[in-house]
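Coordinate-derived values only; no laboratory data. Bear in mind that the values here come from a model prediction, so they are computed numbers and not experimental data. Every residue, glycine among them, receives a Cβ derived from its backbone with ideal geometry; neighbour counts consider all protein chains shown.
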Amino acid sequence: MAHELFVARLRDAAELFFRKGSPYRKIFDRMMGRCVMSGLTRKWLRDTYSLYQREYTEERSTLEPKEDVISSDNGLVCLNMNAL
């Protein structure tokens with residue numbers, strides 16, 4: 001499903017970048033067809049998804065609070081904003 005949408009977006013991009021009847025349009029379509037047939041576009045999608053997932057998990061791990069309550073040596077407790 002996602003791959004077909006990606007290929008459709010490539011076709012839309014070709015229509016935006018090249019005028020109708022442009023000599024480069026046929027070359028672009030031929031090269032993109034080769035990329036699709038060889039599986040390169042599927043690899044691009046997999047790489048993009050894995051990069052996004054890696055960055056998302058790293059971001060979530062840095063946002064999680066380490067401790068809600070910090071105590072000192074004299075028995076007093078310092079509360080942070082997460083404890084409120």
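Summing Lys and Arg as +1 and Asp and Glu as -1 over all other residues whose Cβ lies under 14 Å from the Cβ of Asp47 gives a net charge of +3. Net charge near Met37, counting Lys/Arg +1 and Asp/Glu -1 over other residues with Cβ under 15 Å of its Cβ? In short, +3.
The residues packed around His3, meaning those with a beta-carbon under 12 Å from its beta-carbon, carry a net charge of +3 if Lys and Arg are +1 and Asp and Glu are -1.
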